[in-house]
Structures are given as structure tokens and as C-alpha cells.
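One structure below.
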Amino acid sequence: MLKRIQYLRRVVSAYLLPGTSQLTFWHESPAVHPDISTADLGPFYMTFSSKADYAGPFDDKGVPQLDYRGKLGRQYNPIAIAQFGLGNYNCLLLDQNPERRRKFLLAADWLVQSLERNPAGFWVWNHHFDWEYRTPLKAPWYSGLAQGLGISALVRANRLTGDAWYLDAAERAFEPMLHDVERGGVLYREEGKNRTWIEEYIVSPPTHILNGFIWASWGALDLTLATGDARAKKLWGEVVVTLRDVLSTYDTGFWSLYEHSGTLIRMVASPFYHALHIVQLRIMHRLTGERVFGEFADRWDRYRQSYIKRGRAWIHKAIFKLLYY
């Protein structure tokens, strides 16, 4: 009961109170970047244009923070900082505005300076605040999503500046993406099923959050494009196969799932995350040529256009929240 009360307080604070909250940053309209390519390391695969123009709060150096309200207040979130940087990088490629360059490298510098060793000795980006997930995450906690997005930002900082400082940090950040969660990494391997997952939240049993898995995988692709790293190339190939094989398990027949919740009532995606899944799958289709990604993107887009399916998803989501949060 206490957990549900805490969750409701967080929701009321984020959604209903005036001013900005952490959701101001997260809930942009997801969009595919028009210049996607696997021939070379180019723009990031989503535009992140609204995130590039995030209005704050910022610290005294200009690094973005998220306002979680209540006891948490303002916090550095490495995932948000990487996305802020990548959005400004994409804008820089379009307009060559020196302010975009400054913001991108500010984010990249923060990422280099904020890498910390976890108990297994791997370099990770920690979140230094508790987070109420179904298994509460106690600070400091790290994430496969942060590792992937951080790598995507740092290899582009290296490409922009030629500074090996960024590439060295990206390569250190990749190490936990080679190891299972039990050994201090961020991978979960399903024995006998030839499946490799990158976990957004390190919990047991794993929940396989779909959007985080896809975003994190692009870090392996980007390191491959930047350096030709054979280990990164192998990981990218493994996660593409995994996603291809499991995508149907995220389809309810009327909406996409946010995760494999392991609960009787499954956790469907919110409208925002459902739209994000569609964009991510369109990108995966263009990156890999695998038809299944485009087919599911089209199917889930049709779900979104149906009043009946949208209403069913909303009811399903509400029941899930009442029962499990």
C-alpha cells in the first residue's frame, strides 16, 4: 500500500502540479531522423529536437537536470543528458550553430567525467537517486540504456573533435555490455534460446523493457561504426536476432507491451511509449532490412488509429497500475 501511495504522489506531482517536471523532458513526439545510415557514423537515429531545446532546469555549468519534485528534487539523469547531447549534435549537423556544439560537448564532457566503477569494476553511469520501480532501485543504480546512449553520444563527440578522450570513455562504457547482470554487467542471456537482452533496469527476474532494449542496442551499432569493434558487432547481431524473434511477445492484439512484467495482467505501453515503439521499429527496419520490424511498426500504428483499441489499452493500463503500483 505504501508503494502505491508513493507512486500516486509521484504521478500527481509530475502530471497535475503546475510547472515543469521530469516528464517535460521525456515526453517529446518521437521522430525518425531522415538521414539514417549504417554506412558510416552519422546523425543519431531519432531527431531528439525537442530534447535539444530543453528549457531546464540546468546546473550552473548548463548541464541539464530533471526535476522529480518532492524529496528527489533536481537530479542528474545520464540517459537524459545523453539524449540532450545527441539532440544538439543532430541540430549541429543541420545548422553548424556553435551554441549547438557547445551544448553537445558539455553533455559529452559530463558523460566522460561521470563514469564510475560499479562493484564488479566496470565503468557505468550511475543514477544517484532511488527510483520506485516494481523492484525499487536503490542509489547508486546503473542501466543498460544509459550505457548504450552514452556510447552513442561519446563516439560522435570523438568523430566531431578527434579527441581520443571521448572514444576511450565510450570503450570503457561498453565493457558492462559484454557481461551478464550477475557479473556486474547489463546483459541477460536466455540459456537454450539463443537470446541476448540489454536490460534497462537491473532487476530479478528481468523485465526486458522494450524501448530501453532497442535504444541501448544502438550503442553497440555505433561503436561498431566508429571503431569496427568485433565484440560490438557481434552484440549488435545478437540483439537484432533476439528482437526479431521475440517481437510477437510484445503484441497483445490491440497494443504493444512496455515490458515483460511477469504479472497476470501484463503491462501495456502508455500512448507515448507505444508511439516510441513504432518509431524505433521503423528505424530498426531501415538499419537491418528485416521486414518483421516494419510489419510490426505498421500493425502497431493501426492499433493506435483505432478508437476501440486505444480505449482498451487505456483501461488495461489503469487496471495494471491499480493492481501492481
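Tell me which residues, restricted to segment 128-149, are buried (at least 20 other Cβ atoms within 10 Å of the Cβ), more than 21 Å from ALA52 (Cα to Cα) and touching a helix residue (DSSP H, G or I) at 6+ places or on another chain (Cβ under 8 Å).
Answer for segment 128-149, where residues must be buried (at least 20 other Cβ atoms within 10 Å of the Cβ), more than 21 Å from ALA52 (Cα to Cα) and touching a helix residue (DSSP H, G or I) at 6+ places or on another chain (Cβ under 8 Å): TYR142, SER143, GLY144.
Please enumerate the residues belonging to segment 232-265 that are farther than 19 Å from ILE202 by Cα and of a type in the set (D, E, K, R).
Of everything in segment 232-265, those that are farther than 19 Å from ILE202 by Cα and of a type in the set (D, E, K, R) turn out to be LYS233, LYS234, GLU238, ARG244, ASP245, ASP251.
Sort out which residues of segment 42-91 are over 22 Å from TRP141 (Cα atoms) and among the basic types (Lys, Arg), and write them in order of number.
LYS51, LYS61
Run SER261 past the list (1) modelled with pLDDT of 95 or more; (2) hydroxyl-bearing (Ser, Thr, Tyr); (3) under 28 Å from LEU178 (Cβ atoms) and report the number of the one that doesn't hold.
(1)
Does segment 143-150 contain at least one residue that is of a type outside the set (Phe, Trp, Tyr), free of Cβ contacts under 8 Å to residues at least 24 places away in the same chain and within 30 Å of GLY262 (Cβ to Cβ)?
Checked segment 143-150: no residue is of a type outside the set (Phe, Trp, Tyr), free of Cβ contacts under 8 Å to residues at least 24 places away in the same chain and within 30 Å of GLY262 (Cβ to Cβ).
Residues checked against (1) in contact with a strand residue (DSSP E or B) (Cβ under 6 Å, 6 or more places away or on another chain); (2) surrounded by fewer than 20 Cβ atoms within 10 Å (Cβ to Cβ); (3) modelled with pLDDT of 95 or more; (4) among the hydroxyl-bearing types (Ser, Thr, Tyr):
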{"site": "SER37", "(1), (2), (3), (4)": "no, yes, no, yes"}
{"site": "PRO43", "(1), (2), (3), (4)": "no, no, yes, no"}
{"site": "ARG74", "(1), (2), (3), (4)": "yes, yes, yes, no"}
{"site": "PRO78", "(1), (2), (3), (4)": "yes, no, yes, no"}
{"site": "LEU86", "(1), (2), (3), (4)": "no, no, yes, no"}
{"site": "PRO98", "(1), (2), (3), (4)": "no, yes, yes, no"}
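May I ask you to list the residues in segment 231-256 that are of a type in the set (Ser, Thr, Tyr) and either touching a Ser or Thr at 6+ places or on another chain (Cβ under 6 Å) or within 17 Å of ARG286 (Cβ to Cβ) (or both)?
Residues satisfying the conditions are THR242, TYR250.
Among (1) under 20 Å from TYR273 (Cα atoms); (2) at pLDDT below 55, which single condition is SER50 missing?
Going through (1) under 20 Å from TYR273 (Cα atoms); (2) at pLDDT below 55 one by one, SER50 breaks only (2).
Name the single residue, out of those in segment 264-277 being touching a residue at least 60 places away in the same chain (Cβ under 8 Å) and crowded, with 17+ Cβ neighbours inside 10 Å, that is farthest from the chain's Cα centre (by Cα).
Checked segment 264-277; the qualifying residue farthest from the chain's Cα centre (by Cα) is ALA275.
Please go through segment 177-201 and pick out each residue that is in a helix (DSSP H, G or I), of a type in the set (A, V, I, L, M) and under 28 Å from VAL268 (Cα atoms).
Listed by number, the residues that qualify are MET177, VAL181.
Which ones in segment 222-263 are surrounded by 20 or more Cβ atoms within 10 Å (Cβ to Cβ), of a type in the set (D, E, K, R) and in contact with a helix residue (DSSP H, G or I) (Cβ under 6 Å, 6 or more places away or on another chain)?
Of everything in segment 222-263, just one residue is surrounded by 20 or more Cβ atoms within 10 Å (Cβ to Cβ), of a type in the set (D, E, K, R) and in contact with a helix residue (DSSP H, G or I) (Cβ under 6 Å, 6 or more places away or on another chain), namely ASP222.
The values are calculated or read from the model by the stated rules, or taken from the named source; none is laboratory data. From a predicted model like this one, the values you see are computed outputs, not experimental measurements. We place every Cβ from the backbone using ideal geometry, glycine too, and count neighbours over all the protein chains shown.
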